[in-house]
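Each reported figure results from applying straightforward, stated rules to the coordinates on display, with no laboratory input. These numbers come from a predicted model, not from an experiment. So basically every Cβ, Gly included, is an ideal-geometry build from the backbone, and we count neighbours across all protein chains shown.
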Amino acid sequence: MINIHEIYQSIQGESTLVGVPCTFVRLAGCPLRCTYCDTLQAIPFDSGKSMAIDDVVAQVSAWNNPLVLVTGGEPLAQKSCIDLLQKLLATGITVQLETSGALDISTVPVAVRKVVDIKTPGSSEEKRNRWENLQYLQAHDEIKFVLSNQADYAWAKRVIDERLQDTSATILLSPCWGALNPEDLCAWILRDKLPVRMQLQMHKVIWGAEKTGV
Ligand code: SF4
């Protein structure tokens, strides 16, 4: 069994798979409290309903999208998430996992495409970063910084210089919606020649920042 906040289909709005039709499986519950969290409704561990993992997989299979994203909340806060990921992989659909970077990712199946946050000072959860996770990242994985201001950018640049020189994962820099001007972030990246991809949250461009389930 697993505690599910919602399952819906939309277009993947972030990551290197942006634009791909996707089934979203949002697990309930998160132990973090990021300042910019845009899924506050999924933070309580009692914000979902208990479902059999096979029923979740059946819903994902029925929609038949090429991609499934397991997200939250913090999906790895539920131990049965690993079982869900294994069963989703068995369907042959590409499986992506979005995680805060605060929990151990070593047991995530290697075929899962992981998007691992590095929490900046602006998130107020910087101390939760589990740096040991970096050793488990592969070329198909992604490291995401959400930047709230110029100080976050400078901090991220330092982390890239000091910790991510040898990573094969893609590094994403994402301006916090409504807090950091994307034009400024583009200018800083070009000025500093950072080895990153800049991304916007495409679903918010299309449907606005407040709409959920898209
Ligand atoms: S880790 Fe994600 S779900 Fe949890 S508080 Fe931070 S932004 Fe929200």
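Across the options 187, 202, 151, the greatest Cα extent toward the positive end of the charge dipole of region 145-214 (unit charges at beta carbon of Lys, Arg, Asp, Glu) belongs to 202.
If packing is taken as the average count of other Cβ atoms within 10 Å, what order do 208-214, 185-191, 152-158, 96-102 fall into, highest mean first?
96-102, 152-158, 185-191, 208-214
Net charge around residue 129, counting only other residues with Cβ within less than 14 Å of its Cβ (Lys, Arg = +1; Asp, Glu = -1)? That works out to -1. Is the shape of region 151-214 rounded, prolate or oblate, going by the alpha carbon gyration tensor and its root eigenvalues a ≥ b ≥ c, with a/c under 1.5 for rounded and a/b larger than b/c for prolate? Here region 151-214 falls in the prolate category.
Averaging 1/r over every pair of different alpha carbons in the chain and inverting the result gives a Kirkwood radius of 17.5 Å.
The alpha carbons of region 1-71 occupy a box of 32, 29, 13 Å along the principal axes, longest dimension given first. Charge dipole (Cα centre; +1 on Lys/Arg Cβ, -1 on Asp/Glu Cβ; no other charges) of the chain amounts to roughly 100 debye.
Placing a label point 7 Å from the Cα of residue 40 along the Cα-to-Cβ direction, the residues of region 170-214 with a backbone N closer than 17 Å are 177-179, 209-213. Residues 176, 37, 22 in ascending order of nearby Cβ atoms (within 10 Å, fewest first): 37, 176, 22. Between residue 86 and residue 179, the FRET efficiency from the beta-carbon distance, with R0 = 45 Å, is close to 0.75. Using alpha-carbon positions, what is the distance between the centroids of region 133-148 and region 106-123, in Å? Taking the Cα centre of each part, region 133-148 and region 106-123 sit 6 Å apart. Of 127/211; 144/193; 119/193; 87/204; 144/211; 49/127, which pairs sit farther than 28 Å apart, going by alpha carbon to alpha carbon? Among 127/211; 144/193; 119/193; 87/204; 144/211; 49/127, the Cα-Cα distance tops 28 Å for 127/211; 87/204; 49/127. Dividing the summed -39500 (n - 2.57) terms of all DSSP H runs of n ≥ 4 by the residue count of the chain sets its mean residue ellipticity at 222 nm at -7000 deg cm²/dmol.
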